[in-house]
Amino acid sequence: MSTFENLKAAFVANWTTVLVGWNGPGVLSPWPDRWVEFPPLISPDEIAAYANDRLAATSDPAEQALIVALSSSDLRTEGRETIKDLLAPLSELDAGDPDIEIRKWRLVLLEQVLENMPHDPLYGLMALTEFWQSFGFPSDGPHEVQGKGNTLTPSEYYKQENVHRLVARHYEWVEGEKAALRKQSVG
């Protein structure tokens, strides 16, 4: 299952979810103006399939017209900026919250990292660090980097016990974040 399919299975998706996925985490990097250099989290085919589903489900003429405009483009060959410009009015129409939607993507992607994390302590911790780096090391994240805000030595940091502790901390964070996001979706 793709990341977008996993996201839709866990949460309600909307056009802002799609736009945030298309923009990818590059907008959160130290170089947000270079976001197109970072890969999108959703494929053109997934955008087209979502558009078809929404076209069949909506009775809103404004949304229908915007979907037809989007579907009239060859999403596989159009530039990222062009597709972003086609998705933006759809996102505005459904008034989704980009901050909430990036959190959904982040959560689903973290679950994938945890599921596929290397067993070797060095490479496992590198995978977690690279993941959080791609999201700009948000203050609400559970990750710890050796020597940053802690006094762990490299030998302590890369011990298997510390890896287990950090992985458990990540799983706890995942459950809390899932609950918070579901609560926000309802309320």
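Bear in mind these aren't lab numbers, they're just calculated from the coordinates by the rules spelled out. Just so it is clear, the model here is predicted, and its values are computed rather than measured. Here the Cβ is made from the backbone with ideal geometry for all residues, glycine too, and neighbour counts use every protein chain on show.
Given labels modelled 7 Å from the Cα in the Cβ direction, how far is it in nm from Met1 to Val27?
2.5 nm
Provide the gained length on full extension for the span Glu92 to Gln64, in nm with one decimal, where the gain is 0.36 nm per separating residue minus the Cα-Cα distance.
8.7 nm
May I ask you to evaluate 6.51 cos²θ - 1.76 cosθ + 1.60, the Karplus curve with θ = phi - 60°, for each residue of the stretch 84-95 and list the ³J(HN,Hα) values in order in whole Hz, giving x for glycine and proline?
4, 5, 6, 7, 4, x, 5, 5, 5, 5, 8, 6
Would you work out the relative contact order for the chain, in percent, from Cα pairs under 8 angstrom that are 6 or more residues apart? Walk me through the numbers on the way to the answer.
On the way: 166 pairs, mean separation 45.5, N = 187.
This gives 24 percent for the chain.
Enter the mean projected area of the convex hull around the alpha-carbon atoms of the stretch 3-96, in nm², rounded to one decimal.
Values: hull surface 23.8 nm².
Mean projected area for the stretch 3-96: 5.9 nm², to one decimal.
Please order Ser43, Ser2, Ser59 by the number of other Cβ within 10 Å, starting at the fewest.
With the sparsest Cβ surroundings first, the list reads Ser59, Ser2, Ser43.
Determine, from the Cβ-Cβ distance of Val36 and Lys159 and an R0 of 30 Å, the FRET efficiency 1/(1 + (r/R0)^6), rounded to the nearest 0.05. Don't jump to the answer; show the numbers that get you there.
Numbers: r = 40 Å, r/R0 = 1.33.
With a Förster radius of 30 Å, E is 0.15.
Within the chain, what is the number of lysine pairs with alpha carbons under 22 Å apart, leaving out pairs fewer than eight places apart on the same chain?
Working: Lys8/Lys84; Lys8/Lys104; Lys8/Lys178; Lys8/Lys183; Lys84/Lys104; Lys104/Lys178; Lys104/Lys183; Lys148/Lys159.
Lysine pairs meeting the criterion: 8.
Tabulate in residue order the Karplus-calculated ³J(HN,Hα) for the stretch 13-19, using 6.51 cos²θ - 1.76 cosθ + 1.60 with θ = phi - 60°, rounded to whole Hz; enter x for Gly and Pro.
9, 9, 5, 5, 4, 5, 4
When Met117, Met1 are ordered from fewest to most other Cβ atoms inside 10 Å of their Cβ, what list results?
Result, fewest neighbours first: Met1, Met117.
Can you tell me the Rg and Dmax of the stretch 94-187, counting just the alpha carbons, in angstroms?
In order Rg, Dmax, the Cα atoms of the stretch 94-187 give 14.4, 50 Å.
Using only alpha carbon pairs under 8 Å that are at least six residues apart, calculate the relative contact order of the stretch 3-96 and give it in whole percent.
In percent, rounded to a whole number, it is 36.
Compactness ratio of the chain: Cα Rg over 2.2 N^0.38 Å, N = residue count?
Values: Rg = 18.5 Å, N = 187, 2.2 N^0.38 = 16.1 Å.
Compared with the compact-globule rule of thumb, the chain sits at 1.15.
What FRET efficiency do you get for Ser134 and Thr77 if R0 is 25 Å and r is their Cβ-Cβ distance, rounded to the nearest 0.05?
Efficiency, rounded to the nearest 0.05: 0.40.
What list do you get for Arg106, Arg34 if you sort them by fewest beta carbons within 10 Å? Don't jump to the answer; show the numbers that get you there.
On the way: Arg106 23, Arg34 11.
By the 10 Å Cβ count, ascending, the order reads Arg34, Arg106.
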